[in-house]
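Below: the structure, in structure tokens.
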Amino acid sequence: MTTAQRVLWIIATFGNALAIFLLLNFVNGWTVSLMVFTSVYTLVGLHDITSSRHTLNRLYPVLAYFRYFFESIRIEIQQYFIANDIEEMPFNREQRNLVYRRAKGVSDTIPFGTQRDLMQTNYQSIWHSMAPKVLKEESKRIRVGSSQCKKPYLASRLNISAMSYGALSAEAIQAMNLGAKQGGFYHNTGEGGISSHHLKHGGDLVWQIGTGLFGCRDDKGRFSADDFTKLANLEQVKMIEIKLSQGAKPGHGGVLPKAKITDEIAVIRGISKEQDCVSPPMNPEFSTPLELLSFVSQLRELSGGKPIGIKLCIGNPAEFLCLGKAMIETGVFVDFITVDGAEGGTGAAPVEFSNRLGLMCLEGVYFVNNVLVGLGIRSEIKVIASGKTASGFDIVNKVAFGADMVNAARTFMMSVGCIQSKQCDTNKCPTGIATQDKNRSKAIDVERKAKRVASFQHHTLHSFYELLGAMGLDEVYKLTYNMVKRRTPNGMLESNTHTVPELKTKQLLNDALPGMWQIWWSKARSDSFYIEDTAPVHPPELDVRNIS
């Protein structure tokens, strides 16, 4: 018998007997309270011992509930009282405070100096110039659209990444879209499709088409050209993005828990409310790179020539080269490629998929940029980096690795009021953002939060521009990979290094390829996405270096 069980029997016998005796002889508030306490304790304890499904309740009756309570507020206790400013994940207190301050338009400076360990291994930094400059205005936006695109789009360098209506509330979607309109940047719809909440305020949209084809699917779940044409030709829709995979769960379809599926969402997506909405891992309209490019051509024609791109998280590098070979063979190019990182966010994902699959954003961007350079088509295709962007330096880092612009999701949620409570998959988001509970979401003031969305984007980009100016750069394209430095284990600074070397223009089309490129390129096929991963990878740090 455990101590908790002994305590229960003592209260059930002697405790109740004492409470009854005192109540019969001294009727007052204290004796009534004691009687209620011993009775309730006894009833709950007996239920735990005889009927509970939980071992803890049977062994530690009543007291086990204290554990459950403290477990339920563990995240809050950790966030408010234990963690310091730079150790939380995925966004630490310093990053969240920076987002909140820039969203509110208040001071974003810090006093007394950095809290960072500047000698930490892999700590990244950049070198400033003694001749700082001001970034040219024409470099602050980027034209998206290949030579095959009839309606190119002039995009901002920082935009709202894919977040569906369903994952987010109607009010959160409206606030973001209105903020995008006010700030002059685009808002990606996420794979849940275009809703009235995306259209209400007129902000620029990138329509994401996921593997579930929501918004352009027929009764059998296949692509509907008529439905696509109606939405794709809306003036508000500026670009279309075909989602191949997501960084937080690559190889797994999107997940919307049934607790968040309302009647409206069920109609928009054409799904049931009685079960979780789990999209298939593969798009039903294509199974090879050649078929994907055929689908791209079809969407480009149906949309009237708008930019058509893809979104993916890089896994086996040779498989992305399959798409590269297909583009060279067919002469059909996508207009942009959104590279999602394994560190990216999600409303709901299996733990193993979030923790163990995919390349991180910087690795993926570096690889994709080099492939496009090596194929000689970099000028045709824009690269968008998506993965954990909270500051101007985050943008510098991604652009240096090869991105033209950046998408951010969770930090835009924070600009609306997200407090990183990690309740996104429960429909109980305490800020009304990641929920379909109207009692919670109605607290969002759309007009006020939209101003904060625009303010965060504006101030973060301003920081990015100032950093480039401090480096002596007056145009974004002058920022290069080697300009970002990292601290080595021996405390020295070095320029960025990578597992695979940089490629020169059209080098992939030549016979002599360095390192892993030769193996991956030789295996790549335009008629298949799958390439067996048999080539070992080792970092350059393990190479023997001659320092004499």
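Each residue in region 272-299 was checked for being under 16 Å from Leu213 (Cα atoms) and touching a residue at least 12 places away in the same chain (Cβ under 8 Å), and 15 of them qualify. Screening the candidates Thr42, Thr114 for the property of being surrounded by 10 or more Cβ atoms within 10 Å (Cβ to Cβ) and without any contact (Cβ under 8 Å) to a residue 60 or more places away in the chain yields one hit, Thr42. Scanning region 23-64 for residues that are aromatic (Phe, Trp, Tyr) and part of a helix (DSSP H, G or I) turns up Trp30, Phe37, Tyr41.
Kindly indicate the residue of region 367-401 that is small (Gly, Ala, Ser) and either farther than 17 Å from Ala155 by Cβ or open to solvent by 10 Å² or more (accessible area, probe 1.4 Å) (or both) and also farthest from the chain's Cα centre (by Cα) among those meeting that condition. Among residues in region 367-401 that are small (Gly, Ala, Ser) and either farther than 17 Å from Ala155 by Cβ or open to solvent by 10 Å² or more (accessible area, probe 1.4 Å) (or both), the one farthest from the chain's Cα centre (by Cα) is Gly376. Looking at the structure I just gave you, is Gly315 open to solvent by 10 Å² or more (accessible area, probe 1.4 Å), at pLDDT below 90, assigned to a loop (DSSP other than H, G, I, E, B) and not hydroxyl-bearing (Ser, Thr, Tyr)? Taking the combined requirement at face value, the residue does not satisfy it.
Of all residues in region 349-366, those satisfying the criterion of being under 14 Å from the mean Cα position of the chain (by Cα) and either of a type in the set (Gly, Ala, Ser) or within 19 Å of Arg143 (Cβ to Cβ) (or both) are Ala349, Ser354, Gly358. From the list Ser129, Ser146, the lone residue that is of a type in the set (S, T, N, Q), in contact with a strand residue (DSSP E or B) (Cβ under 9 Å, 6 or more places away or on another chain) and either farther than 21 Å from Gly387 by Cα or outside any loop (DSSP other than H, G, I, E, B) (or both) is Ser146.
In region 485-506, the residues that are part of a loop (DSSP other than H, G, I, E, B) form Cβ pairs under 7 Å with partners that are of a type in the set (D, E, K, R), at six or more places apart or across chains, as follows: Thr488/Glu494; Asn496/Arg486. Give region 271-311 a look and list any residue that's surrounded by fewer than 16 Cβ atoms within 10 Å (Cβ to Cβ) and either in contact with a His (Cβ under 8 Å, 6 or more places away or on another chain) or within 23 Å of Lys438 (Cα to Cα) (or both), or say none. Within region 271-311, Ser272, Lys273, Glu274, Gln275, Asp276, Pro281 qualify. Applying the criterion of being acidic (Asp, Glu) and under 21 Å from the mean Cα position of the chain (by Cα) to the residues of region 184-239, the residue that is least open to solvent (accessible area, probe 1.4 Å) is Glu191.
Here is a yes/no grid of residues against (1) at pLDDT 95 or above; (2) part of a loop (DSSP other than H, G, I, E, B):
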site	(1), (2)
Met176	yes, no
Glu191	no, yes
His198	yes, no
Gly203	yes, yes
Val206	yes, no
Gly212	no, yes
Gly215	no, yes
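Just one of the listed residues (Thr480, Thr431, Thr488) is β-branched (Val, Ile, Thr) and closer than 30 Å to Ile173 by Cα, and it is Thr431. Among the candidates Phe367, Phe333, the residue that is at negative phi, in a loop (DSSP other than H, G, I, E, B) and at pLDDT 95 or above is uniquely Phe333.
Condition check ((1) in contact with a Lys or Arg (Cβ under 7 Å, 6 or more places away or on another chain); (2) of a type in the set (Ser, Thr, Tyr); (3) under 30 Å from Gln182 (Cα atoms); (4) assigned to a loop (DSSP other than H, G, I, E, B)) across all residues:
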{"site": "Thr460", "(1), (2), (3), (4)": "yes, yes, yes, no"}
{"site": "Leu468", "(1), (2), (3), (4)": "no, no, yes, no"}
{"site": "Trp521", "(1), (2), (3), (4)": "no, no, no, no"}
{"site": "Ile531", "(1), (2), (3), (4)": "yes, no, no, yes"}
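Restricting Glu447, Glu494, Glu502, Glu475 to residues that are in contact with a Phe, Trp or Tyr (Cβ under 9 Å, 6 or more places away or on another chain) and either under 20 Å from Gly402 (Cβ atoms) or surrounded by fewer than 16 Cβ atoms within 10 Å (Cβ to Cβ) (or both) narrows the list to Glu502. Annotation: of all residues in region 347-366 being open to solvent by 10 Å² or more (accessible area, probe 1.4 Å) and among the small types (Gly, Ala, Ser), the one that is nearest to Tyr165 (Cα to Cα) is Gly347.
The values are calculated or read from the model by the stated rules, or taken from the named source; none is laboratory data. It should be emphasised that the depicted structure is a prediction, and the values quoted were computed from it without experimental measurement. All Cβ positions, glycine included, derive from the backbone under ideal geometry; neighbour counts span all protein chains shown. The area values use the complete protein model at the heavy-atom level, side chains included, leaving out ligands, DNA and RNA. Shrake-Rupley method; radii C 1.70, N 1.55, O 1.52, S 1.80 Å.
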